[in-house]
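Student: Pasting in a structure now, in structure tokens, and then I'll have a few things to ask.
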Amino acid sequence: MLCAISGEAPREAVASRKSGNVFEKRLIEAHIAEHHTDPVTGEDLSIEDLIELKSPQVVAPRPPNLTSIPALLSAFQNEWDAIVLETHSLKQQLAQTRQELSTALYQNDAATRVVARLTRERDEAREALSNVTISGGGSNGDAMQVDGQALPEELVAKVDETQQQLFATRRKRPVPEGWATGEDISAFDVTSSSEPLYPGSSAVSVDESGDLALFGGADGVAGVYSISQQKVMQVLKAGSPVTATTWWGSRAVVATAAGTVKIFENGNEIAQLGSHAGAITSLSLHPSGSILASGAADKRVAYYDLSTFRTVSQIYTEADITACSFHVDGLLFFVGSSDGKIRIFDVKTGAPMAELDTGAPVTAIAFSENGTWFAVAQKGSSQVSIWDIRKQNVIKVLDAGSPVENVKWDYTGQFLAAAGSGSMSVQQYTKASKSWSEPVRKAVPAKDVAWGANAGSLIALTSEGGLSVLSSA
């Protein structure tokens, strides 16, 4: 009785109910699992069609070449020869591997030396760059500083003094009398709109009075627009497309795609700062009013001393800077980048403090006056994330209804305005109930937004380069 597959006596014999053929059990089961047929007849066959056969234990005979002592000695000699040949092959492979490893180590050592040389050359270039004098309006030259350098002692003292004053009074600060309530904001609607004044505008800033709006367009011209009089009061020549704006007291500050910052007073340019190699994407004024920061597409942040109009320090990052802002107490500086990271630096030393991953390019960072929260908008997202500095984590996600371009908190930290490509909305946080609500959402497409006096109005920068004012009256 032989197996129809192997031709040998089976150890566990089974027979097919259909064909009567005998098979080794393990061989026929493997064949059925793959083909589901009888290997002899080709008929369909399953495990259930097999019958176990009772047969005596079969002892396989020795191979003919192992039936004598000379045959055994010959087999052992062949096995020994095979082992010697395999050992020789392994030795050759070991020698080749050692040679490849030594080559790799040499290349690594050479690469390390090249990196060290390039690092040294970079440091020398930065040192040389720090001694280059950059001319600017209103100053006699600006000795650039390299990353890692601390602020001058007089600015460090101002930073510390400002932080102590603001931190001591922040928790006890009452809501100013006459400040808008949620009911007032819920009644907001468009009360006035200007014609497109500066096409290509991407940022708007409102001064402390809440009446003067500063913005500019792609033609290199900016303007100071009176909201109450609904007309342009001053025309400012920036020289290249305007990319960011802010106010320094009554002075207008304009950043350009050429990498420069220009400061105007009463319509006249009084200073030119900066030497970025790419377009400036964000401006931020320190709470003390003594330091201005600019972030640009060249992955660099520059700090300027506004008493001398000199660059006093700079920070290098690993990605294009898309947004930046001083913390409301002035000790930390937050940098949002195109790689989705928010990097936090010590203002006084420039040292990195922390790194947060948002998951998408950052378009805006705005701080609440409570000192612990900040809002983050991301490219193409209709959601605004509220982060807690202490936890370094998202504590709330708000839906603005359309991709958000920019966000702004009001002075009290109760209201967060979001400007989107399809609508503009205001989110309200009620401290008593620790809850969020949305008092108003209007179908007003906006590139940027700013709060008016006492949060009594919202100034929206339209995609056409005009302004729309939302208020309750």
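The values are calculated or read from the model by the stated rules, or taken from the named source; none is laboratory data. Every value quoted in this text rests on a predicted model; they were computed, and no experiment measured them. Here the Cβ positions follow ideal geometry from the backbone for every residue, glycine too, while neighbour counts run over all protein chains shown. Areas reflect the complete protein model, heavy atoms only, side chains present, ligands, DNA and RNA absent. Shrake-Rupley method; radii C 1.70, N 1.55, O 1.52, S 1.80 Å.
Student: Within the stretch 349-365, which residues are surrounded by fewer than 20 Cβ atoms within 10 Å (Cβ to Cβ) and within 24 Å of Y304 (Cβ to Cβ)?
Tutor: Hits for the stretch 349-365 are T349, A351, P352, M353.
Student: For the stretch 323-403, list the strands (runs of 3 or more DSSP E) that sit wholly inside it and hold at least 1 residues that are touching a strand residue (DSSP E or B) at 6+ places or on another chain (Cβ under 8 Å), closer than 25 Å to T243 by Cβ and of a type in the set (S, T, N, Q); which are they?
Tutor: Qualifying strands (runs of 3 or more DSSP E): 332-337, 362-367, 373-378, 383-388.
Student: In the stretch 427-473, which residue that is assigned to a loop (DSSP other than H, G, I, E, B) and free of Cβ contacts under 8 Å to residues at least 24 places away in the same chain is surrounded by the fewest Cβ atoms within 10 Å (Cβ to Cβ)?
Tutor: Taking the candidates together, the pick is A432.
Student: Further question: Go through the stretch 351-374 and give me each residue that's over 20 Å from the mean Cα position of the chain (by Cα) and in contact (Cβ under 8 Å) with a residue 24 or more places away in the chain.
Tutor: Answer for the stretch 351-374, where residues must be over 20 Å from the mean Cα position of the chain (by Cα) and in contact (Cβ under 8 Å) with a residue 24 or more places away in the chain: S368, E369, N370, G371.
Student: How many residues are surrounded by 23 or more Cβ atoms within 10 Å (Cβ to Cβ) and over 21 Å from I389 (Cβ atoms) if we restrict to the stretch 315-342?
Tutor: Residues flagged as surrounded by 23 or more Cβ atoms within 10 Å (Cβ to Cβ) and over 21 Å from I389 (Cβ atoms) within the stretch 315-342 amount to 0.
Student: Keeping to the stretch 170-218, report how many residues are in contact with a helix residue (DSSP H, G or I) (Cβ under 9 Å, 6 or more places away or on another chain), closer than 22 Å to K447 by Cβ and either surrounded by 22 or more Cβ atoms within 10 Å (Cβ to Cβ) or of a type in the set (S, T, Y) (or both).
Tutor: So the answer is 2.
Student: For the stretch 258-294, enumerate the residues that are polar (S, T, N, Q), open to solvent by 30 Å² or more (accessible area, probe 1.4 Å) and on the phi < 0 side of the Ramachandran plot. Can you show your working first?
Tutor: Taking the stretch 258-294 as the starting set, the residues that turn out to be polar (S, T, N, Q) are 260, 266, 268, 272, 275, 281-282, 284, 288, 290, 294.
Add one more test, that the residue is open to solvent by 30 Å² or more (accessible area, probe 1.4 Å), and what stays is 266, 268, 272, 275, 281, 288.
Passing the criteria: N268, Q272, S275, T281, S288.
Student: Mind counting the residues in the stretch 248-297 that are touching a residue at least 60 places away in the same chain (Cβ under 8 Å), assigned to a strand (DSSP E or B) and out of contact with any Leu (no Cβ under 8 Å at 6 or more places or on another chain)?
Tutor: Result for the stretch 248-297: 3.
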